[in-house]
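Okay, structure first, notes after.
The values are calculated or read from the model by the stated rules, or taken from the named source; none is laboratory data. What you are looking at is a predicted structure, and each value in this text was computed from that prediction instead of being measured. When we count neighbours, we look across all protein chains shown, and the Cβ atoms used for this are built from the backbone with ideal geometry, even at glycine. Ligands, DNA and RNA are excluded from the accessible area calculation, which covers all protein heavy atoms including side chains. Shrake-Rupley method; radii C 1.70, N 1.55, O 1.52, S 1.80 Å.
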Amino acid sequence: MDALLEYAWVVVALPLLSAVLITAVGKQLPGKGSEIGIAALGLSWLLAVGIAWETFVTSPMEPLERSIDWSPLGGGFVFELGMLVDGLTAVMLLLVTTVSFMVHVYSREYMHGEPRYTYFFAMLGLFTFSMLLLVVANNLLLAVIGWELVGLCSYLLIGFYWEGKSNQDAANKAFLTTKFGDVGLIVGVIVLSAGMFGLTDTPFNIIEINEAAVAGQLSTTTIVLGMLLIFLGCMSKSGQMPLHVWLPDAMAGPTPVSALIHAATMVTAGVFLLARLFPVVAQNQAVMATIAIFGVLTLFFGGLLALVQDDLKKILAYSTISQLGYMVAAIGVGGYAASIFHLFTHGFFKALLFLGAGSLIHAVHSNNISDMGGMAKAMPHTFWTFIVGSLALAGFPLTAGFFSKDEILIAGEIWAGAGFFTGNLVYWVGLAAAFVTTFYMARACFLIFAGENRSHHPPHESGKLMLAPLMVLAVLSVASGYLLSPFSPEQPNFETWLATPLLDAEATFPFTEGTAAASGVAGDGVLAAGTSLAAAAGDGPVKVLHGVPSWHPDLLAIVLVLFSLAVFLAYRFYGKGLPERDPTLSMGRFTDVLVAKYGFDDFGYRYIVVPVRDKLSAAASYSSNVLIDGVVAGVGRATKSAAMTTYRVVDQQVIDGGINGAAFSAAWWSEKLKRIQSGDVQKYAGVLVAGTILLVLAFAAAR
């Protein structure tokens with residue numbers, strides 16, 4: 001097994017190599033570099049499948065860690081360059097490479113004719129590399145490098161069409177919003193790792209941080225402050241309210257980029273990092289409750305915003321925000337496996353929906369569902385695959401979204417049974433959000449595929465390179481759900497795949513201080529393998545992993561009723577096409593609130609962008625035109641004055657005066673001395689005799 005896992009770094013390296021080669025020689029190739037990107041991602045995907053299989057069939061497994069001391073900095077601190085391969089890594093490698101490979105294949109046709117075609121594929125490779133680097137990083141510093149590269153690549157791809165001002169604004173908004181959260185992430189990493197100094201010479205090592213937290217070697221202050229700051233970074237990257245505002249605007253990029261960002265890379269980074277540090281998160285109920293509450297707010301209120309959207313990509317963007325809320329909320333109620341399971345299944349059906357949206361947009365040259373209609377006959381393959389993705393997103397029974405979303409609701413129910421109010425929030429608000437999700441996706445499907453065509457362009461089916469990824473993702477949108485369902489074997493399954501020595505079948509959660517103390521565990525309690533803590537409600541231990549899920553007839557009945565009611569309402573309003581008066585846009589003040597996006601964008605623009613922009617621009621102008629220009633001008637004047645003084649005094653008077661004086665002196669003496677040379681021999685003889693007499697007299701006087 002280890003022989004294959006040892007080459008996990010190759011999965012990461014291949015997309016980077018493709019980006020370099022495409023940049024260097026892509027324009028000279030027949031496919032303008034796309035063939036390099038597709039080949040590299042195909043190889044990465046094959047290796048990721050092998051790694052996933054090995055880790056799955058041997059789960060639970062010991063993590064494989066390999067590292068080199070990249071930069072020994074002294075003082076007992078070593079910066080590692082290494083990789084960590086476990087079930088969580090394998091899941092993410094499989095998801096990222098699968099979606100990226102599908103996007104690469106799809107983009108070859110979708111982006112055909114673009115002037116920056118080669119640049120686009122180079123950026124796709126770099127984007128994929130950045131996310132994979134984050135996934136395999138064995139330490140938080142290396143993870144931060146991957147995290148920041150993901151942000152940089154998303155900025156460049158969101159602003160791919162940089163000629164448009166709105167696209168520039170969208171890219172800047174995404175970059176600055178995520179950078180705000182990244183400040184918290186970096187400080188949180190420093191705080192969390194600061195507690196490791198003195199315990200190890202690799203204080204940023206993820207396994208060692210998790211083990212130290214479980215062993216009670218990190219203080220409560222370190223855990224709470226460090227994880228809340230890291231969660232701030234996760235909120236911005238994974239679109240949690242109120243830091244979600246960048247994500248809908250990210251639709252300015254090409255549709256394949258939207259699929260990659262929303263399904264497998266950018267937005268999943270925050271959820272992945274919370275899962276990677278879950279043993280630390282689970283040490284404190286305040287941290288878990290905070291995460292759960294923000295997740296609940298996001299999953300419900302984010303989904304409501306999709307009700308009033310006309311842009312198909314923005315409908316899907318707000319649905320992504322809602323689904324990310326589910327994932328984050330699951331972490332907050334102990335649903336570690338449920339969160340990653342939903343991340344995994346969501347990646348497939350959300351990529352399917354975005355690529356399906358691209359197929360529709362490609363056909364009618366418009367993003368708006370009001371410009372579509374009646375497209376089921378003209379685009380049958382796009383229609384059926386889009387319906388499969390919509391059913392999975394809505395959580396229709398036996399689709400992947402049904403199994404993964406229900407796992408989150410069940411995790412909330414278990415958490416509520418242990419006496420924690422956030423469990424009830426996740427369960428009931430999650431059900432309400434499922435109804436909203438079904439309604440807005442049914443609305444979109446009816447307006448796109450039913451009624452008469454409203455497009456100015458006759459719709460046509462997409463080509464094979466675009467349809468093939470849709471069909472593959474449609475299959476995965478159903479099949480992936482059976483990895484953790486009542487149909488799963490006891491072992492291996494998705495849950496055992498994610499298990500680690502710290503998160504195994506016997507690991508239990510911490511509880512309130514009083515409960516933990518009563519159980520003989522100091523402080524807040526720890527996530528301790530093999531320790532059975534009495535639940536607050538007295539119903540037995542609440543475990544990290546719950547085993548293969550069983551059927552919950554009550555939940556299944558509720559889901560079916562909500563689904564049927566939402567589809568019925570959507571059919572009544574939109575079943576015949578676009579109504580003259582859209583009901584979701586006719587809800588009075590509630591519609592106004594949704595159209596205004598709860599005022600977050602206006603608030604940010606009025607109280608952050610405008611003041612900062614105007615004040616900073618004035619300050620920048622003053623500093624540039626007055627301070628900097630004044631300093632430069634002053635230095636220039638001083639330099640000129642010094643130069644003139646040097647010229648007049650040193651050059652003209654001292655240097656030139658000295659040289660000219662020497663010349664004049666030589667001329668004067670030569671004028672005087674030349675008169676001695678008269679050429680008269682008698683005078684020369686007289687002077688010689690006179691000189692001789694003077695010398696004789698001088699010697700005589702000296703005696």
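How much length, in nm to one decimal, is gained on full extension between F600 and Y684, taken as 0.36 nm per residue of separation minus their Cα-Cα distance?
Full extension of this stretch gives 19.0 nm more.
What percentage of the solvent-accessible surface of the chain, computed with a 1.4 Å probe over protein heavy atoms, is contributed by carbon and sulfur atoms?
Heavy-atom surface of the chain belonging to carbon and sulfur, 1.4 Å probe: 68 percent.
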Label point distance in nm, T220-W53, each placed 7 Å from Cα along Cα→Cβ
5.0 nm
Could you give the accessible area per residue of the chain, probe 1.4 Å, as a whole number in Å²?
41 Å²
Rounded to 10°, Cα long-axis angle of helix 117-136 versus longest principal axis of the chain:
80 degrees
Mind checking the angle between helix 8-25 and the chain's longest principal axis? C-alpha axes, 0 to 90 degrees, to the nearest 10.
60 degrees
With an 8 Å cut-off on Cα pairs and a minimum separation of 6 or more residues, tell me the relative contact order of the range 270-420 in percent.
24 percent
Relative contact order for the chain using alpha-carbon pairs under 8 Å, separation at least 6, rounded to a whole percent?
12 percent
With each label point set 7 Å from Cα along the Cα-Cβ vector, what nm distance links S641 and Y571?
8.9 nm
I'd like to know which of L483, L355, L126 lies farthest towards the positive end of the charge dipole of the chain, counting +1 on Cβ of Lys and Arg and -1 on Cβ of Asp and Glu.
L126
Report, to the nearest 10°, how far helix 140-158 tilts away from the longest principal axis of the Cα atoms in the chain, using its own Cα long axis and a range of 0 to 90°.
90 degrees
Would you please report the Å³ per residue occupied by the convex hull of the alpha carbon atoms in the chain?
293 Å³
So who's got an amide H within less than 5 Å of the one on T508, skipping anything under 5 residues away but keeping other chains? H placed 1.01 Å off N, in plane.
A528, G530, T531, V544
Approximate spin-label separation V631-L4, in nm, with each point projected 7 Å along Cα-to-Cβ:
6.0 nm
If R₀ is 35 angstrom, what is the calculated FRET efficiency for the pair A618 and K27, using the beta carbon separation as r and rounding to 0.05?
0.20
Set K237/K313; K543/K597; K27/K173; K313/K405; K237/K377 screened for pairs whose C-alpha atoms are more than 27 Å apart:
K543/K597; K27/K173; K237/K377
Which distance in Å, rounded to a whole number, links the C-alpha centroids of the range 414-456 and the range 328-361?
14 Å
S665 to A701: extension gain in nm, 0.36 nm per residue of separation minus the Cα-Cα distance?
9.4 nm
